[in-house]
Amino acid sequence: MAHPNDAPTGPLAGPLTGSFTGPLSGPPNDPPSGYPENQAPGAPVRSGIPDHGRIPKYYAVKAQVTLLVDELGEGGLLPTERDLALRYEVARETVRQALRELILEGRLRRQGRGTVVAGPKLEQPLSLASYTEGVRRQGRTPGRHLITLERFPCPPALADETGLRRGEPVWHMERVLLADEERVGLESTYAPVARMPGLDREFAPDSSFYAYLRDRLGVTLGGVDERIETVLATPREALLVGTPPGLPMLLIHRVSRDAEGAPLERVRTLYRGDRFSFTTHLGGPGAPAPTQACGPHP
């Protein structure tokens, strides 16, 4: 049921049926009327507000809460839903919808019975670098928690995808990915036992698998094929990663080969959509690498 005073206050105060004023055209070098000069290039144009100016009430509240999030900073405790509803003169369900979106976007996170400002997303490079290297570059401490390490005959589907022989022994290692002890992903690795027969004895499950291949076995990673898609975590995956089942996840499929082109691993990795973004650099032959690294995504 709508609150009788369900209207936002502050910069977006007033009726939600208004529109931008002024022409949307002008001299070629002039920005269109209503385009903010401080518009961040990675943010939605005009804060996502259509030209006619009409927006859902929860979106106006979301914009207000976003400003509050920026003021509080990482770890800041957000006021209760009741307090926010009173502050913005809206119904609690309107506030709840705004907070749900900010949680899904990774701006907020639940902590106990409250809601706090989340830290910046982790940037994982789309490269031959390992998860460990990517997290360490951002000043975070990587970690992993072993769920299972087992061996079984290579099934037909895995053999067809990787080039391994059907029925040959393969390892399956499943680990929860950690960053500063926070659960951020789930990784399943399939690898031929013949290439690493002592994996269950020699490998520390909380360490880098690629470092083990390189330093212990002398295996050089050659090339990989990757495919990225968005999925929803299964109930089991959500339980292991510690997220709601409806949280969008980034799923990466990777098939790796060594320097000679022999099959090395098949990996299925789930990353929390609210805690990760992926970066890569594209360039033509001979193009110089970028001189400035991208900062963490908000």
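The values are calculated or read from the model by the stated rules, or taken from the named source; none is laboratory data. Everything numeric in this text was worked out from a predicted model, so none of it was measured. As a convention, Cβ positions derive from the backbone with ideal geometry for all residues, glycine included, and neighbour counts pool all protein chains shown. Heads up: the accessible areas ignore ligands, DNA and RNA and are worked out on the full protein's heavy atoms, side chains in. Shrake-Rupley method; radii C 1.70, N 1.55, O 1.52, S 1.80 Å.
Taking only the Cα atoms of segment 55-116, the radius of gyration and Dmax are 10.5, 32 Å. Annotation for segment 204-229 versus segment 72-99: alpha-carbon center distance of 44 Å. For Phe209, the solvent-accessible surface computed with a 1.4 Å probe is close to 10 Å², ligands and nucleic acids excluded.
The accessible area of Ser207, taken with all protein chains in place and a 1.4 Å probe, comes to roughly 40 Å².
Based on the Kirkwood radius over alpha-carbon pairs, what value in µm²/s does the Stokes-Einstein equation return for the translational diffusion coefficient of segment 138-210 at 10 °C and 1.306 mPa s? It diffuses with D of about 119 µm²/s by this estimate. In this label model, Arg201 and Asp180 are separated by 4.0 nm, measuring between points 7 Å along each Cα→Cβ vector. Surface composition of segment 163-218: carbon plus sulfur atoms contribute 45% of the solvent-accessible area (1.4 Å probe, protein chains only, all chains present).
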